[in-house]
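Shown next, in C-alpha cells, is the structure this report addresses.
The values are calculated or read from the model by the stated rules, or taken from the named source; none is laboratory data. Treat the numbers as computed from the prediction; the structure is a model and nothing was measured. Cβ sites come from the backbone with ideal geometry, for glycine too, and all protein chains shown count toward neighbours. Note: areas computed on protein heavy atoms with side chains; ligands, DNA, RNA excluded. Shrake-Rupley method; radii C 1.70, N 1.55, O 1.52, S 1.80 Å.
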Amino acid sequence: MFSLVRIAPFSVVARSSSTLMATRHFSDCAPAQKLRGIFEEYRKQHYSRETPHRFRKELVKAAEEKNNPSMIKVDNLNRVLENIGHADDRLSEDELNDLLAAADADVNEGDRLISFEKMLKLM
C-alpha cells in the first residue's frame, strides 16, 4: 500500500511502509495547481496510457512561443485550455500574473514569458 506524505512545502513523497519511492516537486501556486488539475483530468479521460509528466510536458510545449521555443508565453496557456475544451477554466489576468511571479519570470516590455523548465517545475 502506498500513501502520499507532504514533508516540505514543495515536496510530495510516495512511500510504502518504510521505503520512500519517489519525490515530486509541485508548486503551491494556485494557478499552477489549477492547471495541473485540469491537465490531469483531461489526460485521464483522453490519454490514460500517457504518463502524467510526459503529458504535462506535451501540453506545456503546445504553449511555447514560436520565435523562442524554450519559452512559454503565459497568455498561450489559455489557448491550450480552449483547445482541450476547457475554455470555461481560462486563467484570469491575476492568475497569469501569479504564475509569472511564482516562476520569477522576467517581464520585459510586455513579454510575459516563463522558461519551459520553470513551467514544468511549477506543474
Each label point is 7 Å from the Cα along the Cα-to-Cβ direction; what then is the distance between the points at SER92 and ALA30, in nm? 0.8
Once label points are set 7 Å from the Cα along Cα→Cβ at both SER115 and ARG54, what is their separation, rounded to one decimal in nm? 2.5
Report VAL74's accessible area, 1.4 Å probe, all protein chains in place, as a number in Å² to the nearest 10. 0
ARG54, ARG43, reordered so the largest accessible area comes first (probe 1.4 Å): ARG54, ARG43
So, taking all protein chains as they sit and a 1.4 Å probe, how much accessible area belongs to LYS121, in Å² rounded to tens? 140
Please arrange HIS53, HIS46 by accessible surface area, largest first, computed with a 1.4 Å probe and ligands excluded. HIS46, HIS53
